[in-house]
Each structure stands twice: as C-alpha cells, then as structure tokens.
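Peer 1: Questions regarding the structure given below will be posed in turn.
The values are calculated or read from the model by the stated rules, or taken from the named source; none is laboratory data. Small disclaimer: the values here were computed from a predicted structure and weren't measured. Methodologically, a virtual Cβ is constructed for each residue, glycine included, from the backbone with ideal geometry; neighbour enumeration extends over all protein chains shown. In case anyone asks, the SASA skips ligands and DNA or RNA and just uses the protein heavy atoms, side chains included. Shrake-Rupley method; radii C 1.70, N 1.55, O 1.52, S 1.80 Å.
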Amino acid sequence: MKNICRNSLFSLASVATISACIFLFCLFFSVIANVRNIAGLAETTIGITVFFDEDMTEEEILALGDEISGRPEVREMNYISAAQAWENFKTEYFSGMEELAEGFADDNPLAASASYEIFLTDISSQDEMVSYLQGLDGVRKVNYSKDVAAGFSGFNRLAGLLSVAIIGILLAVSVFLISNTIHVAAAFRKTENQIMRLIGATNFMIRAPFVVEGTVLGLAGALIPLGVIYFLYRQAAAYAGEHFFPAAGGLGSILKLLPIEQIFPVMAAVSLALGVGIGFFVSFFTIRKHLKV
C-alpha cells in the first residue's frame, strides 16, 4: 500500500486505464444484452402458419395439431378454426360496415382456412420445422418468414463475434498497460530488490508486494466503473421507460431495457474477474523478469 501511494501517479494511471477498459466493457455488455433481448422478444412474434387440405375434418386437424405440438422446437401453438378466422376477418376488414358481411351469414368464405399459428423456441430451427411440416400428410400450405428468420440468426452470430472481438481488444489493452506499470515500479525498486536478494530474500518475498499491488489496482479499477455504470444504467432505464418506450406504441412490449438487477450480477462478476485477474497474473509474470538481480 505504501508503494501504491509512493508511486501515486503510476497507480492512478493504472487504475484509470483499467477503469476505462472495464467501463467500456460494461457499457458494451449492457448494449449487447439489451439488443439481443429485444431481438429475442422480436423473434417470439415471428410464427409459422400451417393450412390444411379442404377435405380434412376438424377432428383430424386437431389430432395432427397434437402431433405437431409434441415437437421440441414448438414453444407455443394456437389453433384458428374456420369460423374464428372469418370472425377475425370481419372484425379487421368490415369494422363499421357490418352490413356488408351479412351477405355471408350462411356461407363462410373462409371455410377451408383452419390453421395453426406455431411459435418456436429458437428461430434458427425454423427451416427444419418448416421441412417437417411440409412433409406431413394433410398439410396444404406453410407460410413463414424465411428472410426475417435468417436476418435474426445472422444478427445473433454477428453480435456474438463482435462481443468476443471487443472483449479481446479490451483485455489486450489492460494487460499491456498494467504490465508497463509493473515494469516501471520494478525498475524504481531495482536496488531494493538487489539488497533483498543479497540478504537472502526468497522469490516470493520479492514478488509478493508487486502481485498484491497489481491485484489492488485491478480491484480498484473494476469497482469504480461498476459503481458508475450501475448509476448511469438505472437513470437511463428510468428515463427510457418514462419518455421513449411509451411513444413506441405497440412496440413498447418489445422495446424495453432489461432491469439492472438482471444483468448487473453477471456484469459485476466478469468485471471483477477481469480486474483482479489481470492485475494478479500480469504482475505475477511481469515481475519474474526482475527476480534475477
């Protein structure tokens, strides 16, 4: 602790650098977590619609529905009968002009439109599910959004690769800066290390202060940005929930930030592991070069 205070300028530079790197990591983690959550919520609205042959009875359609619902890819499945399809159509297209629909009172124009709306647990399995549905006897048509599903799958892969790349860059920068700080501290204490070696100090006795110093700097560099990001995220979430998302209308159920309590434990654990781990290991291996005096 005395050495940290003695070399206050280098210590502050190390803490500031680690804090900046971990702050950027926390900020990026928050953005990616929310973007992927919004993408996941959007995926739940993408369904597959299955239509059946006109000569199939409702009992046969329901029996086939039981078979489809047993698939592991299926998260939710809704049956829309021909009568319900016609009622939905009248509500949507004849609103305010109900008298126009009265001409179909005894003749349902959507008599062969019974269908299932199927929502999957993972949109990436859509192609496999569509192939399965198209191969079933009695299935006349399968409607699905191939391009949208491919877009979501590609986005998720891109987000994952981008996350790994940015974390790698931040790690490399942190390792470089802490290593330089330890190098400078060891150079300043070269004479002290020589004296300790001549009077019989072990490698552990010489190395331990540097390792503790690096660990303390790493811990401080992780705690500061965690406190800042916790405060900023709560404020941003409250502001967005009050001013931005209500204006989104029907998209409000999708466009919403994750609560800080949901993402902060993971963010804090990773940040502390990064700060303390980088400080410890970089100090441990850097000081080895200065043990031969």
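Peer 1: Any idea which residue in segment 46-72 is farthest from the chain's Cα centre (by Cα), counting only those that are among the β-branched types (Val, Ile, Thr) and within 16 Å of SER113 (Cβ to Cβ)?
Peer 2: THR57
Peer 1: What pairs can you find where one residue is in segment 200-229 and more than 17 Å from ALA187 (Cα to Cα), the other is aromatic (Phe, Trp, Tyr), and their Cβ atoms are less than 6 Å apart, with a gap of 6+ or different chains?
Peer 2: Cβ pairs passing all conditions: THR215/PHE280; PRO225/PHE23.
Peer 1: Return the total of residues in segment 47-69 being of a type in the set (A, V, I, L, M, F, W, C), surrounded by fewer than 16 Cβ atoms within 10 Å (Cβ to Cβ) and in contact with a helix residue (DSSP H, G or I) (Cβ under 9 Å, 6 or more places away or on another chain).
Peer 2: Selection size over segment 47-69: 0.
Peer 1: Restricting to segment 70-102, and then to whatever is modelled with pLDDT of 80 or more and in a loop (DSSP other than H, G, I, E, B), can you tell me which residue is most open to solvent (accessible area, probe 1.4 Å)?
Peer 2: PRO72
Peer 1: Which members of segment 24-46 meet the condition of being closer than 21 Å to ALA165 by Cβ, hydrophobic (A, V, I, L, M, F, W, C) and open to solvent by less than 60 Å² (accessible area, probe 1.4 Å)? I'd like the intermediate steps shown before the answer.
Peer 2: Applying the first criterion (closer than 21 Å to ALA165 by Cβ) to segment 24-46 yields 24-37, 39.
Now restrict to residues that are hydrophobic (A, V, I, L, M, F, W, C): 24-29, 31-33, 35, 39.
Scanning segment 24-46 gives PHE25, CYS26, PHE28, PHE29, ILE32, ALA33, VAL35, ALA39.
Peer 1: Looking for whichever is surrounded by 14 or more Cβ atoms within 10 Å (Cβ to Cβ) and modelled with pLDDT of 90 or more here; the options are LEU258, LEU223, LEU217. Which one fits? Full working, then the answer.
Peer 2: Numbers: LEU258 fails: modelled with pLDDT of 90 or more; LEU217 fails: modelled with pLDDT of 90 or more.
Residue meeting the stated conditions: LEU223.
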